[in-house]
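*Asks:* Here's a structure for you.
The values are calculated or read from the model by the stated rules, or taken from the named source; none is laboratory data. Values in this document were obtained by computation on a predicted structure and should not be read as measured data. Cβ atoms come from the backbone with ideal geometry, glycine included; neighbour counts cover every protein chain shown.
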Amino acid sequence: MQPKTEEFLYLLLWSTDKLLRPNFRNLTDSYESWAYRNGLMRQIASLETRQLLERHPSSPDDRVYRLTRQGRLHALGGRDPQARWRRKWDGRWRLILFDIPMSRNSDRARLRRYLHDKAFGYLQNSVWISPDPLEKERQILGGGTINVESLILLEARPCSGESDAEIVAGAWDFEEINGLYARYLKILNERPNNNLRTATAAQALLRWATTERETWLDAVTKDPLLPEQILPPHYLGQQAWRRRVEILQHAGQQLRTFSL
């Protein structure tokens, strides 16, 4: 996603509002006044406080906000796909194995939810796997009581002829992931490409932008974004990313065609 995507969406909303209600105030109003009336200035201030948005430090009165690095990650869904694909892999798999008693069912469910949210793959319900070092997990467990019968973290390599491709296929459902990216590519191809000279055209682009973001998050959230060397054949994530950058650039140019 382009760093100014959030700004693009706000400006698109602003344009739509002016088109829908073309009275004198809307025709002469500033973006800040429109945003204040619609509660967006409060949202922008909140994002700025959370360090997700910033203005140029030498121009505090500048109305152009930009996504910070943290804000860009947030807009991408919490992870930078390109950085994740390009990271180096040392060839070792990290495994989390656990056998938590039924009496602690809530703990087991919480652990599984954590591993799922962190894009671990699962070979079995109690055997989860990742290509990345478990630094954060070691920190979380540091200082706690060690009980290898309940929970153990391992680094391993296959030793009975299992290929990395077979491990990937067993741990993650790439058929589902590719299905989500295929749906996303279809949404990208449905972008309205008319100039923004009518309320109908502006509303259509706004609806598409909302659907685009939701569909992208559906796909990328399911994707473990594995290092390139172990991505499965026919993986659609990188194709979807390249197409997304291209289409959003066109959408940004399209916004410049807006006129009353």
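To keep it simple, each residue is scored yes or no on (1) free of Cβ contacts under 8 Å to residues at least 12 places away in the same chain; (2) not in a helix (DSSP H, G or I).
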position	(1), (2)
Arg207	yes, no
Leu217	no, no
Leu226	no, yes
Pro232	no, yes
Tyr235	no, yes
Arg243	no, no
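*Asks:* Please verify whether Leu196 is within 20 Å of Ile247 (Cα to Cα) and either in contact with a Pro (Cβ under 9 Å, 6 or more places away or on another chain) or surrounded by 14 or more Cβ atoms within 10 Å (Cβ to Cβ) (or both), treating the condition exactly as stated.
*Replies:* Values: within 20 Å of Ile247 (Cα to Cα): yes; either in contact with a Pro (Cβ under 9 Å, 6 or more places away or on another chain) or surrounded by 14 or more Cβ atoms within 10 Å (Cβ to Cβ) (or both): yes.
Here the answer is yes, as Leu196 does meet what is asked.
*Asks:* Right, here's the next one. For Lys136, indicate whether it is in the same structural domain as Tyr122 (by TED's automatic domain parsing) and among the basic types (Lys, Arg).
*Replies:* Taking the combined requirement at face value, the residue satisfies it.
*Asks:* Output the residues belonging to region 231-246 that are buried (at least 16 other Cβ atoms within 10 Å of the Cβ) and among the aliphatic types (A, V, I, L, M).
*Replies:* Leu231, Leu236, Ala240
*Asks:* Taking Glu190, is it in contact with a Phe, Trp or Tyr (Cβ under 8 Å, 6 or more places away or on another chain) and either among the charged types (D, E, K, R) or within 17 Å of Trp85 (Cβ to Cβ) (or both)?
*Replies:* yes
*Asks:* Tell me which residues, restricted to region 189-205, are over 15 Å from Leu255 (Cβ atoms) and either part of a loop (DSSP other than H, G, I, E, B) or among the charged types (D, E, K, R) (or both).
*Replies:* The one that is over 15 Å from Leu255 (Cβ atoms) and either part of a loop (DSSP other than H, G, I, E, B) or among the charged types (D, E, K, R) (or both): Glu190.
*Asks:* How many residues does region 199-229 hold that are under 21 Å from Gln82 (Cβ atoms) and surrounded by fewer than 13 Cβ atoms within 10 Å (Cβ to Cβ)?
*Replies:* 1
*Asks:* Does any residue of region 212-226 turn out to be over 30 Å from Ile96 (Cβ atoms) and not acidic (Asp, Glu)?
*Replies:* Within region 212-226 (the criterion being over 30 Å from Ile96 (Cβ atoms) and not acidic (Asp, Glu)), the answer is yes, since at least one residue qualifies.
*Asks:* Scanning region 207-254 for residues that are more than 21 Å from Gly91 (Cα to Cα) and β-branched (Val, Ile, Thr), which turns out farthest from the chain's Cα centre (by Cα)?
*Replies:* Looking at the filtered set, the residue picked out is Ile247.
*Asks:* Look at region 245-259 and say how many of its residues are of a type outside the set (Ser, Thr, Tyr), assigned to a loop (DSSP other than H, G, I, E, B) and touching a residue at least 60 places away in the same chain (Cβ under 8 Å).
*Replies:* 1
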